[in-house]
Structures are given as structure tokens and as C-alpha cells.
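Q: My questions will all concern the structure given below.
The values are calculated or read from the model by the stated rules, or taken from the named source; none is laboratory data. These numbers come from a predicted model, not from an experiment. Here the Cβ positions follow ideal geometry from the backbone for every residue, glycine too, while neighbour counts run over all protein chains shown. The area values use the complete protein model at the heavy-atom level, side chains included, leaving out ligands, DNA and RNA. Shrake-Rupley method; radii C 1.70, N 1.55, O 1.52, S 1.80 Å.
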Amino acid sequence: LPPTPSIPHRAGEIPADATASDAASLLKLFLRELPEPLFPFRAYEGLISASVEHGESEEKLQDVIRSVLRHCDMPVLDRQCLLYIFRFFHAICSADLPEIEARSISVVIGPNIIYPEVQSTMSALSETQHACNIVRVIINNPDVLS
């Protein structure tokens, strides 16, 4: 048998030169490669419409987000995964780290976690901004997913 190729890092090990950007890139890749986003396609229109209608009003958006997610029949494991991810983001934002706030995380994660089944170029930018707004609200209030 040929020798086993060396593996630079065993599973579960983090390379010494890994950065926060590397971790964020891996998370974005994981989210984007899912067969369907954790926020299911059937919830997309309701979430975007909520942001269009209520803008920056976190309290109103929380109510609509709860309602949309309750009616879209989201799988339990997807909801638990989202809750875990968003509680993690909330903890990061609460840690008072420089330049880390819900808005900046939402810009990076939003387009990778809330997107339509078929993307039209005409509305892509506007809808992406609304997806980021929804993500920002959930980062600030992760228990809206409970």
C-alpha cells in the first residue's frame, strides 16, 4: 500500500495561522452550500415584505418574523441551528469588540442565509438590503427564533 498522505491538520484542530476572516468565510460557505437556506425559500417573501413595510422598527419586525417563521413550517433542526448561530452572533456583538456590531455581521451573513430560490438582478440589491435588515434584527433579538 502507498503511504498515507500527511494531513496538515487533524479534524477539529484550528491552524495556528487561522484568522477570524477564515472562520467567517467557512461559515458563509457552509450556509451558501446548503440545498436550501436555513431560512427556507417559502419564508423569503414574507421576511423581505416585513422589512420593506416596517423598516428599522425592531419591535414590529420581531412580531412579523415570528409569524412568518411560525407559518412556513420550518424544520426543527433548521430552527435550532439558526437559534444557535444567532445567539453566537449576539454574544459576539455583546462582547464590545471594536468594529463588531450587528449591522456589520448582517451585511456579511444576510445574503448567505436569506435569499430567494431564483434571483432576479433587478431587485437583488434592494432585497439583499432587506435580508440584512432582518438578520440584524435577529442578531439583536435571537430569541425571536425560539
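Q: Going through the range 109-127 one residue at a time, which ones are without any contact (Cβ under 8 Å) to a residue 60 or more places away in the chain and of a type in the set (A, V, I, L, M, F, W, C)?
A: If the condition is that a residue be without any contact (Cβ under 8 Å) to a residue 60 or more places away in the chain and of a type in the set (A, V, I, L, M, F, W, C), then 118, 122, 124, 125 are the ones that fit.
Q: Here is a follow-up. Restricting attention to the range 87-96, does a residue exist that is of a type in the set (Phe, Trp, Tyr) and not in a loop (DSSP other than H, G, I, E, B)?
A: yes
Q: Suppose we filter 25, 49 for residues that are at pLDDT below 90, in a helix (DSSP H, G or I) and under 19 Å from residue 132 (Cβ atoms); which single one remains? Talk me through it step by step, then tell me what you get.
A: Values: 49 fails: at pLDDT below 90.
Going through 25, 49 in turn, just one is at pLDDT below 90, in a helix (DSSP H, G or I) and under 19 Å from residue 132 (Cβ atoms): 25.
Q: Let me ask something additional. Looking at the range 10-26, can you tell me whether even one residue there is touching a Pro at 6+ places or on another chain (Cβ under 8 Å) and within 21 Å of residue 127 (Cα to Cα)?
A: no
Q: Select from the range 44-72 the residues that are open to solvent by 90 Å² or more (accessible area, probe 1.4 Å) and among the β-branched types (Val, Ile, Thr) and list them in ascending order.
A: Selection gives 52 alone.
Q: Follow-up question, since we're still on this one. Can you pull out every residue in the range 80-92 that is touching a helix residue (DSSP H, G or I) at 6+ places or on another chain (Cβ under 6 Å) and either within 16 Å of residue 44 (Cα to Cα) or buried (at least 19 other Cβ atoms within 10 Å of the Cβ) (or both)? Break it down into steps so the answer makes sense when it comes.
A: If we filter the range 80-92 for residues that are touching a helix residue (DSSP H, G or I) at 6+ places or on another chain (Cβ under 6 Å), which is where we start, we get 82-83, 86-87, 89-90.
Result: 82, 86, 89.
Q: Is at least one residue of the range 124-144 open to solvent by 20 Å² or more (accessible area, probe 1.4 Å), more than 26 Å from residue 20 (Cβ to Cβ) and of a type in the set (S, T, N, Q)?
A: The answer is yes; a qualifying residue exists.
Q: Here is a follow-up. Quick check on residue 56: is it free of Cβ contacts under 8 Å to residues at least 40 places away in the same chain, farther than 13 Å from residue 131 by Cβ and outside any helix (DSSP H, G or I)?
A: Spelling it out, it is not the case that residue 56 is free of Cβ contacts under 8 Å to residues at least 40 places away in the same chain, farther than 13 Å from residue 131 by Cβ and outside any helix (DSSP H, G or I).
Q: Could you run through the range 54-97 and say how many residues are under 12 Å from residue 143 (Cα atoms) and among the aliphatic types (A, V, I, L, M)?
A: 4
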